[in-house]
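To start, the structure under review is shown below, and the notes come after it.
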Amino acid sequence: MSLRDFITRLPKAELHVHHVGSASPRIVSELAARHPDAGVPSDLERLKEFFTFRDFAHFIDVYLAVVDLVRTPEDLRLLTYEVAREMAQGQNLRYAELTCTPYTSVVRGIPIQAYTEAIEDARVAAERDFGLVLRWIFDIPGESGIPAADATLDYALQHRTDALVGFGLAGPEIGVPRAQFTPHFDTARAAGLRSVPHAGETTGPETVWESVRLLGAERIGHGCSAAEDPELLAHLADAGIVLEVCPTSNIATRAVDRIEDHPLRTFVEAGVTVTINSDDPPMFATTLNNDYAVAAGLLDLDERGVADLAHAAVDASFAPDDVKARIGAEIEAYVAGFRRVATDTP
C-alpha cells in the first residue's frame with residue numbers, strides 16, 4: 001500500500017474547512033443550473049476555469065459568486081448535506097468543524113432561523129446516513145466590518161444550537177484590523193464559544209499577535225507569517241495555540257509562492273502544534289487526502305507520522321470527549337491493521 005493509499009483510508013478530522021467553499025463542481029453545477037442569472041457556469045469544464053484564481057482578492061470574488069447561488073433554505077440544505085457526503089465517502093472524515101458565514105446568506109434573503117434549521121437538518125441527516133459528526137464555527141466576514149460582526153454575534157447568541165462550537169473571523173486581512181472585533185470575541189467567549197480567527201495568511205506576524213492578544217485565539221487559521229517571528233512561534237508553542245495549516249490553499253491564493261517555501265516544517269521544528277486542512281478544497285483543486293500527502297512530503301513523514309497528524313486534529317478539535325476517544329481509537333486500530341498487513345505481505 002502506498003502512503004497515499006494509507007492516507008485515503010485513514011480516519012480523519014478536519015478543523016479548517018469552509019462551508020460554501022467545500023461545494024464540489026458537482027454541487028456548484030447543480031446550484032448554478034437552478035440560478036443561471038448568477039453568472040456561475042454550470043458546465044464542469046468551464047467551472048475549472050472559473051476556479052482559477054489570480055490572487056487572494058480574485059478568490060474572494062469567486063467565492064462570493066458561489067455564495068450567490070445559495071438563495072433558499074433548500075439550496076443551503078442541499079449544499080450542506082452533499083458536502084458532508086463527499087467528506088465522509090471521499091475523504092474518510094469522521095468529524096469536521098465547518099466554518100459558516102451566515103451573514104452572507106442572511107443579507108441575500110435567507111432568514112437566520114431558516115438558515116439554522118437548514119444546516120441543522122443536514123447535520124443530523126449526515127450523522128445518521130454517513131457517520132460524520134459535524135460542528136459549526138460562525139465567522140465574521142471581515143470585509144463587511146462592524147455591522148457583519150454585530151449580526152454574526154447576534155446569530156451566535158440568539159440562534160445557537162449545541163452544534164455551534166466556535167466564533168471566527170475570515171475574509172481579507174489587509175485593511176481589516178483585528179482590534180475592532182475584540183468586544184465581539186469577548187462576548188462570544190464569555191458565552192462559551194471558542195476563538196478561531198484567521199490571521200497571518202496575507203499579512204505579517206503582527207496580525208497573529210493581535211488575534212492572540214486581542215481576540216483570545218485558541219487556534220489560528222493559516223498563520224503563515226508566524227514563521228517570520230521566532231518570539232511568536234515560541235509563544236504559540238508554549239501557549240498550546242494550534243495553527244490550522246492549509247498547504248495547497250496557501251499556494252492557490254499566493255500566500256506562499258512555492259510549496260517548497262511553505263513554513264509547515266518551521267512550525268513543527270519550533271514545537272507548534274499543527275493540523276492539516278483543505279480550506280476550500282474544490283476551489284483549490286485539492287482534497288484533505290491530498291493536503292495530508294503534501295504535508296507528509298514537506299515533513300518527510302511515514303505512516304506513523306501521518307497518523308500522528310490525524311491525532312493532532314482530533315485532539316485540537318472542539319469535539320466531545322467521547323467522539324475524540326472513538327476517533328482516536330479508530331486511527332490506532334487502522335494503523336495496527338496496516339502494520340499487520342505490511343508484516344504478513346511477502
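Filter region 249-294 down to the residues that are outside any helix (DSSP H, G or I) and among the acidic types (Asp, Glu), then identify the one that is modelled with the highest pLDDT. For region 249-294, the residue satisfying everything is Asp279. In the condition set (1) closer than 30 Å to Glu332 by Cα; (2) modelled with pLDDT of 90 or more; (3) aliphatic (A, V, I, L, M); (4) surrounded by fewer than 20 Cβ atoms within 10 Å (Cβ to Cβ), Met1 is compliant with all but (2).
Yes/no per residue for (1) over 30 Å from Pro320 (Cβ atoms); (2) assigned to a strand (DSSP E or B); (3) aliphatic (A, V, I, L, M):
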| position | (1), (2), (3) |
| --- | --- |
| Ala84 | no, no, yes |
| Arg108 | yes, no, no |
| Gln113 | no, no, no |
| Ala118 | no, no, yes |
| Val124 | no, no, yes |
| Ile146 | yes, no, yes |
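Scanning region 151-206 for residues that are surrounded by fewer than 18 Cβ atoms within 10 Å (Cβ to Cβ), of a type in the set (A, V, I, L, M) and outside any helix (DSSP H, G or I) turns up Ala163, Ile174, Ala191.
Inside region 126-144, residues that are in a helix (DSSP H, G or I) and of a type in the set (A, V, I, L, M, F, W, C) make up a count of 2. Filtered by the rule that a residue be at pLDDT 95 or above and surrounded by fewer than 18 Cβ atoms within 10 Å (Cβ to Cβ), region 113-143 gives Gln113, Ala114, Glu117, Asp121, Val124, Ala125, Glu127, Arg128, Asp129, Gly131. Could you tell me which residue of region 1-53 is nearest to Cys100 (Cα to Cα), considering only residues that are among the β-branched types (Val, Ile, Thr) and assigned to a loop (DSSP other than H, G, I, E, B)? Filtering first and then ranking leaves Val40.
Sub-9 Å Cβ pairs linking a first residue in region 157-183 that is more than 21 Å from Thr253 (Cα to Cα) and touching a residue at least 40 places away in the same chain (Cβ under 8 Å) to a second residue that is small (Gly, Ala, Ser) and surrounded by 19 or more Cβ atoms within 10 Å (Cβ to Cβ), at least 6 apart or interchain, are Val165/Ser317; Val165/Ala319; Gly166/Ala188; Gly166/Ser195; Phe181/Gly142; Phe181/Ala149, ordered by first then second residue.
The values are calculated or read from the model by the stated rules, or taken from the named source; none is laboratory data. For clarity, every value in this text was computed on a predicted model and none was experimentally measured. Note that we place each Cβ from the backbone using ideal geometry, even for glycine, and neighbour counts take in every protein chain shown.
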